[in-house]
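Report on the structure given below.
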Amino acid sequence: MSSSSSSSSSSLPSTKLPVKPIPGDYGLHFFGPIRDRLAYFYNEGRDKFFANRIQKYQSTVFKTNMPPGPPIASCSHVICLLDAISFSVLFDASKVEKRDVLDGTFLPSLAYTGGHRVCAYLDPSEPKHTSLKSFFLSTLAARHHKFVPFFQIGLSELFNELEAQISTKKEAYFNTLSDTMSFNYVFRLFCNKNPRETKIGSQGPKLVDKWLLFQLAPLGSLGLSPKILGYFEDILLRTFSFPFFLVKSDYKKLYDVFYEFGSSVLDEAENEFGIERDEACHNLIFLAGFNAYGGMKVLFPGLIKWVALAGQTLHRRLADEIRAVIKAEGGVTLSALNKMVLAKSVIYEYLRIDPPVPFQYGKAKVDLVVESHDVAFEIKKGEMIFGYQPFATKDPKIFVNPEEFVADRFVGEEGEKLLKYVYWSNERETEDSTAENKACAGKNLVVLLCRVLLVEFFLRYDTFQVEASTFMFAPSVTFKSLTKASSST
């Protein structure tokens, strides 16, 4: 026994830190995952679930179970990484496998993606990953000149409707307006067509929302109270996966419009990357609907919420910077955007404090030694590794006042050094998305659109107030007041 253990240890990478056993437990078969699931959703809540275990084990690395658990997921065991140092192993494709782990410990039926394992489900080592990711990157690069003007069209429509609703109703629910803008933008970008002029009309957001909900329902909660209602919800959402036939007709409508109006994109997939047209179309829908639109459903309401909560002082600083730069540059150009250091920092601070995709998963490809700040842990090949990003990017050993929204945190040379600890895109912010990694293909586009949203907003308005809460996976934001700009640029 001792010689075997010694041989196993010697084959692992060396570390200068003390190696300790991973604390925590999975509990009894079946009952342990149910116990942790109820604690996660109802008895403790998501953030307290992790914070309580950090305190209990005095460790940011520990064993636990993650939803949905049985009977949907056969194994819910994970090794949880909650600090900035250990979390980064999830970006190392040589150590961690990303095959079928997008949604964690379970994989929705492939019927939701036309029977295909789309790019998001593939590990970079799989041949199709390279061709599909290259196709995505090429598609985006070919449309870079449309990024800002198409978005400005959508923002103008959104702001007009926002003002109209506040004028008549004294408030405006931002999420619905943002979802409509986001879907229209994504469809225009990839299909060069206003979706209202197709057979889906204005139904695009609802069609995609239903498709997303039925896939992701086992991972969510309505936050029902009292707890007894939550337990009923748990049985409803996590006993069986929702069958695809409930959204089959909706998905067919999406497939048909993307197949028809995305023909130039699909031609490129076939001719340049050798991807079969049907598979390319299902991947395009996933890219546009799940990755892009699904991300924007969380991204834009979250940005508005955090900037609103920061208050009028920040609003004035942003307005002053934005208007001065635009006046000097003569318009909203990339050069102008790059000179807005505060606006840029605000975006990174939002992505740090409240990343739109909080979870990362991967299976150990080999036996690993994972280091946290002062301790190392051995992880065995095949074990599932889970990172909860909001804790990793609020690591108090990396960030001063990590729980506070510090607008100028990333301003200046010292601030920019911290960008390597901003992980929202499934990669460090300082790294590019390539065909060989799992970084979000549109990571630079996301940052650009957030900056343009701030710019266009503060060119038009001085300050605003909102009411914010959380519903399912996203912030819920209602505008209560909106003050138009007191001076124009």
Filtered residues of the stretch 457-475 (kept if small (Gly, Ala, Ser) and either touching a Gly at 6+ places or on another chain (Cβ under 7 Å) or modelled with pLDDT under 95 (or both)): Ser469, Ala474
What number of residues within the stretch 87-108 are closer than 16 Å to Thr130 by Cα and open to solvent by less than 30 Å² (accessible area, probe 1.4 Å)? 1
Would you point out the residue of the stretch 324-366, among those that are β-branched (Val, Ile, Thr) and under 30 Å from Lys98 (Cα atoms), that is surrounded by the most Cβ atoms within 10 Å (Cβ to Cβ)? Ile347
Quick one: which residue in Val369, Val406, Val422 is in contact (Cβ under 8 Å) with a residue 12 or more places away in the chain, among the β-branched types (Val, Ile, Thr) and over 30 Å from Met472 (Cα atoms)? Val369
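Can you tell me which of Lys170, Lys199, Lys206 is open to solvent by 30 Å² or more (accessible area, probe 1.4 Å), modelled with pLDDT of 95 or more, under 25 Å from the mean Cα position of the chain (by Cα) and farther than 15 Å from Pro301 by Cβ?
Of Lys170, Lys199, Lys206, the one residue that is open to solvent by 30 Å² or more (accessible area, probe 1.4 Å), modelled with pLDDT of 95 or more, under 25 Å from the mean Cα position of the chain (by Cα) and farther than 15 Å from Pro301 by Cβ is Lys206.
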Pairs, please: C-beta under 6 Å, at least 6 apart or cross-chain, first residue part of a loop (DSSP other than H, G, I, E, B) and in the stretch 113-124, second aromatic (Phe, Trp, Tyr)? Val118/Phe286
Among the numbered criteria (1) in a loop (DSSP other than H, G, I, E, B); (2) touching a Cys at 6+ places or on another chain (Cβ under 8 Å); (3) among the hydrophobic types (A, V, I, L, M, F, W, C), which one does Leu132 miss? (1)
If the Cβ limit is 8 Å and pairs must be 6+ apart or interchain, which residue in the stretch 87-101 that is under 13 Å from Pro124 (Cβ atoms) pairs with which residue that is of a type in the set (Ser, Thr, Tyr) and open to solvent by 30 Å² or more (accessible area, probe 1.4 Å)? Ala93/Ser125; Glu97/Ser125
Exactly one of (1) of a type outside the set (Val, Ile, Thr); (2) within 30 Å of Glu270 (Cβ to Cβ); (3) outside any helix (DSSP H, G or I) is unmet by Ser138. Its number? (3)
Please work out if Leu177 is at pLDDT 95 or above, within 23 Å of Ile304 (Cβ to Cβ) and open to solvent by 20 Å² or more (accessible area, probe 1.4 Å). yes
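The values are calculated or read from the model by the stated rules, or taken from the named source; none is laboratory data. What you see is a predicted model; the values in this text were computed from it and never measured. Heads up, the Cβs are rebuilt from the backbone with ideal geometry, glycines too, and the neighbour counts pull from every protein chain shown. Keep in mind that these areas ignore ligands, DNA and RNA; they rest on the heavy atoms of the full protein, side chains included. Shrake-Rupley method; radii C 1.70, N 1.55, O 1.52, S 1.80 Å.
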